[in-house]
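Asks: What follows is a single structure, and I will ask about it in a moment.
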Amino acid sequence: MSLGANSGTYLDQFPGEAKVIRTAFYSSFIALGIGALMGLLQVFHRLDILRLIPSEDYYSYLTLHAVLLVLTFSIFFLVGVFTWAVTTSLDRGLEDLRYTWGWYGLMAVGTLMAGVAIIGGFFDSIPMSAAVLYTFYAPLQAHPLFYLGLALFIVGSWLAGLDWFRSWWAWRSENPDERIPLPTFMALTTTLFWIISSMGVAISVVVFLLPWSLGLIGQVDALLTRTLFWFFGHAVVYFWLMPAYMLWYVMLPKISGGKLFSDPLARVVFVLFLILSTPTGIHHQYLDPGIAEGFKFIVMVNTMFLLLPSLLTAFTVVASMEHGARQRGGTGYFGWLRALPWRDPVFAGMALAGLMFAAAGFSGMINAGMNINYLVHNTWWIVGHFHLTIGTAVALTFMATTYWFLPQLTNKEIWSKSVGLAQVLLWFVGMTLMSNAMHRSGLVGVPRRTAEPQYSGFDYEVAAGSMAELNMQVAIGGTLLFISTLLFLTVVVMTVWGSKVDTLPANGYAETLSGPEDAPLVLDNLKLWTAIAVVLVVLAYALPLASIIGRRGLFGPGGSPSPQFIDTLVFTGQAIVDSAVGVIR
Amino acid sequence: MSSKLQREIGHDEFDPKGTLALITIYFVIISVLWIFMYFVEFLGNDLTVVGAIA
Amino acid sequence: MKIHTYEKFWLAASMLLIVGFILTITYGTVGIGIAMVDDSADTVDPDNLGDHPKFSDPGVEQVGENEYDVYVRALQFAFIPGDVEVPANSTVTFHVTSSDVIHSYSVVGTNANTMVIPGEVATITVETEEPGEHGIICTEYCGSGHHNMAGKLIIVPEDEFELEEEQ
Amino acid sequence: MRISRAGLLVAIAVLVPIVVELRTVLVHLGVEMSVTETGLLAAAMVGVLLAWAVAPDVRGRKRSNGESE
């Protein structure tokens, strides 16, 4: 954390790395702009305010919106953030920038391929489509280019992770007795669970979906590929969230004028995410036939315990802000809140993102509950929930911190902090209106993922207000969010357009009140935690996967019979789980 | 940034009582909402008894 | 490792919350008897549902005094049968399967809600009470006509209920 | 001013979810508010907030943050 010796902005310290991060950020912002436009068009289409295209094509909007925002926008941004975190905290450049540009290129090419396949869906003249949404459940089929693009993108992200590991390995050989600096620790643990979890989707895409879309195999199993998707599909949520958490831990305290409350607890939190992120995915399949109730219950317990690191984070992060506020003269139980730097969009955006995440935590708790899932499954409630998590906790944090990163990466002053503040507030208000209405609509049964939620023959029974009013709330909220995105992009463009200054604060991150010296050494034992993570994944997934293959064969009913050994495994496993569940019930 | 600091507060002299207050409020809200969602919204819904094989 | 007293308190409160959630759900399962859709039904061949004793001619049938089985086939972009009529105050078990892609079978505004996966038979049992009408929709995106996929659940008074003639 | 202008703006933004959720809660308690009434309530709350912000701080504490930037 001794950054004094190497003062200056990030661009001054690491010009080559700054260029990579800048490029990744710009890629991410392009995705953000297009994705946000798709979002606005979707809102208008669903609510029947403006329908530019036939409803059959709505699902290409939706696919583009989801893929561009949750994969492209967030992952391009976060590889930039982690690259910043690793290089800054180790105080050393990446090992080989050609390698770095290599993974960036792979991710960019992958995105373009998938994007072309999706956009093909809008034009009859292009024999290509990928209206399979972000979850691409087989037997819905996309053009091979979509699956190939996805695979390249994911491989690119793995190579990025390896890049950070290479830096750490090199640093460790020179500093054998030092603790892993916290930001690097966070990037590495996140990389580890990302690689473990994305194995699921990689197998699904490379072994089944891609050969099938090329006509090499005749059929694939709907339940198996779906389960493999969710093997990755929940952990990916934490892949987006962890960089936001990292920024809350290492950036927010500094901007509040204080120090991180506890380095050891931050490490505990990231270790918990490493070991618990993946063995929870089946909670997206609570209502799937073909998966035993016992498996669902086990996964629910894992999911509930995954709340713990987030709840701990809430405390540590708020306490760090409070520390800053009190150092700035804040007093009282709540009065200290006034002493925080609300004028700064970096702070205001992150703090409001955190506040919305607290609300998202609640709907997430509901989603994690096994039987209550009957109430909310596949309704608009779910969409309301993840627009608070990825759509605000992550997206708003990324946008707010851009106001800090961009000057660091370009040596240019942010174009207008006032516009920045207006932008983050607009996002907050827009999302409040939109997600509140989505949650409430979901409770009365309004489905997600549909071009026309208006059906003839029945009405939704709205408890408070009217359906029209809820829809109006979504329309206004969606519009405000779109305006907010435009403001954000304007600030970015104008900033990049500006001229360089040399009055910028030096690169750095928050110091800690309780430092790594208080953290037990075992926390830094990444091999141990990875081993535990793998064991937990095997425990949570071996039996459900074996059971699916045992019941349905590798390629689905009507396809090939399952291998003998799997039947034996399933029989034994099922007996164990049944007796375990018998004890619970 | 440090120019705005009025005082330096170390680890041992810092009790985050404001955080404790905020987070206690959060705890109460979450608990009440959970009970409401489960017992009123979910169990009070129509066609509730799903599954139980008669 | 130093942990502040307040933080220890919060750690304990968090654990309490988590255990409380798990206990609530367990109460729903054990105390109320809410069962999850599971793997108890045998798999079927989605390509040959026409040969299946039940799904070749899906619909409502009476299986006990107040018990009814409803067989439903989901396909792009309809349910067969679309409208389902059952008597009030009875136990109704839905058996739903798909002959093409993944769908859902969701009775709007109620807890009767399940995924429908080709090869699996989703089985859920509900107790009907008051007469009334509910929409049934597919809530899982299933292709370009997904938004047209809907039906109706009509719960009629017991004395007005009669099974339709088999065709 | 007891609060910086930016702080005031943020406080007004934070009022939005409070009003929106309050309305949802009230319905479950049997009190239904129309959109207009909700708007009026929100305006009233903003008014109170403004009055509080502009009124002199009785305890006379010195505030250091805010619009001086």
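Asks: Report yes if some residue within the stretch A:136-145 is in contact with a Leu (Cβ under 6 Å, 6 or more places away or on another chain), open to solvent by 30 Å² or more (accessible area, probe 1.4 Å) and either over 30 Å from C:His103 (Cβ atoms) or within 14 Å of chain C (Cβ to nearest Cβ) (or both); otherwise report no.
Replies: No; the residues of the stretch A:136-145 include none that is in contact with a Leu (Cβ under 6 Å, 6 or more places away or on another chain), open to solvent by 30 Å² or more (accessible area, probe 1.4 Å) and either over 30 Å from C:His103 (Cβ atoms) or within 14 Å of chain C (Cβ to nearest Cβ) (or both).
Asks: In the stretch A:359-379, what residues are more than 10 Å from chain C (Cβ to nearest Cβ) and more than 16 Å from the chain's Cα centre (by Cα)?
Replies: Hits for the stretch A:359-379 are A:Ala359, A:Phe362, A:Ser363, A:Asn367.
Asks: Regarding the stretch C:141-153, can at least one residue be identified that is within 23 Å of A:Arg552 (Cβ to Cβ), aromatic (Phe, Trp, Tyr) and assigned to a loop (DSSP other than H, G, I, E, B)?
Replies: yes
Asks: Working only within the stretch C:96-116, note down all residues that are touching a Phe, Trp or Tyr at 6+ places or on another chain (Cβ under 9 Å) and either facing chain A (nearest Cβ under 7 Å) or of a type in the set (Lys, Arg) (or both).
Replies: Within the stretch C:96-116, C:Val101, C:Ile102, C:Val108, C:Gly109, C:Asn111, C:Asn113, C:Thr114, C:Met115 meet the criteria.
Asks: Next up: Taking the stretch C:139-158 as the search range and keeping residues that are within 8 Å of another protein chain (Cβ to nearest Cβ) and under 16 Å from the mean Cα position of the chain (by Cα), which one is nearest to C:Asn89 (Cα to Cα)?
Replies: Only one residue tops the list, namely C:Lys152.
Asks: Take the stretch A:35-85 and flag every residue that is within 14 Å of chain C (Cβ to nearest Cβ) and aromatic (Phe, Trp, Tyr).
Replies: Residues satisfying the conditions are A:Tyr58, A:Tyr59, A:Tyr61.
Asks: Assess whether C:Asp159 counts as being modelled with pLDDT under 95, in contact with a strand residue (DSSP E or B) (Cβ under 7 Å, 6 or more places away or on another chain) and surrounded by fewer than 19 Cβ atoms within 10 Å (Cβ to Cβ). If you could, list the steps in order and put the result at the bottom.
Replies: Working: modelled with pLDDT under 95: yes; in contact with a strand residue (DSSP E or B) (Cβ under 7 Å, 6 or more places away or on another chain): no; surrounded by fewer than 19 Cβ atoms within 10 Å (Cβ to Cβ): yes.
No.
Asks: Being open to solvent by 20 Å² or more (accessible area, probe 1.4 Å) and over 29 Å from A:Ala222 (Cβ atoms) is the filter here, so list the residues in the stretch C:69-90 that pass it.
Replies: Passing the criteria: C:Glu85, C:Asn89.
Asks: Among the residues of the stretch A:490-507, write down those that are crowded, with 21+ Cβ neighbours inside 10 Å and in a loop (DSSP other than H, G, I, E, B).
Replies: Within the stretch A:490-507, just A:Asn507 meets the criteria.
Asks: Filter the stretch B:5-40 for residues that are open to solvent by 70 Å² or more (accessible area, probe 1.4 Å), in a helix (DSSP H, G or I) and under 27 Å from A:Gln327 (Cα atoms); which is farthest from the other protein chains (Cβ to nearest Cβ)?
Replies: B:Ile25
Asks: Being acidic (Asp, Glu) and within 7 Å of chain A (Cβ to nearest Cβ) narrows it down to one residue among C:Glu127, C:Glu85, C:Glu120, C:Glu162; which is it?
Replies: C:Glu120
Asks: Among the residues that make up the stretch A:265-284, is at least one of them within 8 Å of another protein chain (Cβ to nearest Cβ) and at pLDDT below 95?
Replies: Kept after step one, since they are within 8 Å of another protein chain (Cβ to nearest Cβ), are these residues of the stretch A:265-284: A:265.
This time we only want the ones that are at pLDDT below 95, so: A:265.
Yes, the conditions are met somewhere in the stretch A:265-284.
Asks: Sticking with this one: Output the number of residues of the stretch B:18-50 satisfying the condition of being within 24 Å of A:His377 (Cβ to Cβ) and polar (S, T, N, Q).
Replies: The total comes to 3.
Asks: Looking only at helices (runs of 4 or more DSSP H) that lie completely in the stretch A:135-246, which have at least 1 residues being farther than 23 Å from A:Phe273 by Cα and touching a residue at least 60 places away in the same chain (Cβ under 8 Å)?
Replies: A:144-174, A:210-213, A:222-233
Asks: So, in the stretch A:297-332, how many residues would count as being closer than 19 Å to A:His234 by Cβ and in a helix (DSSP H, G or I)?
Replies: 15
Asks: When you scan the stretch A:508-563, how many residues do you find that are in a loop (DSSP other than H, G, I, E, B), open to solvent by 30 Å² or more (accessible area, probe 1.4 Å) and either under 23 Å from A:Phe261 (Cα atoms) or within 10 Å of chain C (Cβ to nearest Cβ) (or both)?
Replies: Matching residues across the stretch A:508-563 total 5.
Asks: Looking at A:Gly324, A:Gly330, A:Gly335, which one is surrounded by fewer than 21 Cβ atoms within 10 Å (Cβ to Cβ) and not polar (S, T, N, Q)?
Replies: Sole residue among the options that is surrounded by fewer than 21 Cβ atoms within 10 Å (Cβ to Cβ) and not polar (S, T, N, Q): A:Gly335.
Asks: Are there any strands (runs of 3 or more DSSP E) wholly within the stretch C:48-101 with 1 or more residues that are touching a residue at least 60 places away in the same chain (Cβ under 8 Å) and at negative phi, and if so which?
Replies: The qualifying strands (runs of 3 or more DSSP E) are C:59-62, C:67-75, C:78-80, C:83-87.
Asks: Then there is this: Report whether or not A:Ala131 is open to solvent by less than 20 Å² (accessible area, probe 1.4 Å), under 28 Å from A:Arg449 (Cα atoms) and aliphatic (A, V, I, L, M). Working first, answer last.
Replies: Details: open to solvent by less than 20 Å² (accessible area, probe 1.4 Å): no; under 28 Å from A:Arg449 (Cα atoms): yes; aliphatic (A, V, I, L, M): yes.
So A:Ala131 does not fit the description; no.
Asks: Same structure, new question: Please state which of the following conditions A:Gly257 fails to meet, knowing it meets all the rest: (1) out of contact with any Phe, Trp or Tyr (no Cβ under 6 Å at 6 or more places or on another chain); (2) within 14 Å of chain C (Cβ to nearest Cβ); (3) surrounded by 24 or more Cβ atoms within 10 Å (Cβ to Cβ); (4) of a type in the set (Gly, Ala, Ser).
Replies: Tallying (1) out of contact with any Phe, Trp or Tyr (no Cβ under 6 Å at 6 or more places or on another chain); (2) within 14 Å of chain C (Cβ to nearest Cβ); (3) surrounded by 24 or more Cβ atoms within 10 Å (Cβ to Cβ); (4) of a type in the set (Gly, Ala, Ser), A:Gly257 fails exactly one: (2).
Asks: Looking at (1) within 11 Å of chain B (Cβ to nearest Cβ); (2) within 23 Å of the chain's Cα centre (by Cα); (3) loosely packed, with under 13 Cβ neighbours inside 10 Å, which one does C:Asn66 not meet, given that it meets all the others?
Replies: Here C:Asn66 meets the rest and fails (3).
Asks: Which members of the stretch A:376-403 meet the condition of being touching a strand residue (DSSP E or B) at 6+ places or on another chain (Cβ under 8 Å), more than 16 Å from A:Leu433 (Cβ to Cβ) and not hydroxyl-bearing (Ser, Thr, Tyr)?
Replies: A:His377, A:Asn378
Asks: Would you confirm whether or not the stretch A:415-425 contains a residue that is out of contact with any Ser or Thr (no Cβ under 7 Å at 6 or more places or on another chain) and over 18 Å from A:Leu480 (Cβ atoms)?
Replies: yes
The values are calculated or read from the model by the stated rules, or taken from the named source; none is laboratory data. Everything numeric here is computed off the predicted structure, so don't read it as measured data. Every residue, glycine among them, receives a Cβ derived from its backbone with ideal geometry; neighbour counts consider all protein chains shown. Note: accessible area is taken over every heavy atom of the protein model, side chains too, but ligands, DNA and RNA are not part of it. Shrake-Rupley method; radii C 1.70, N 1.55, O 1.52, S 1.80 Å.
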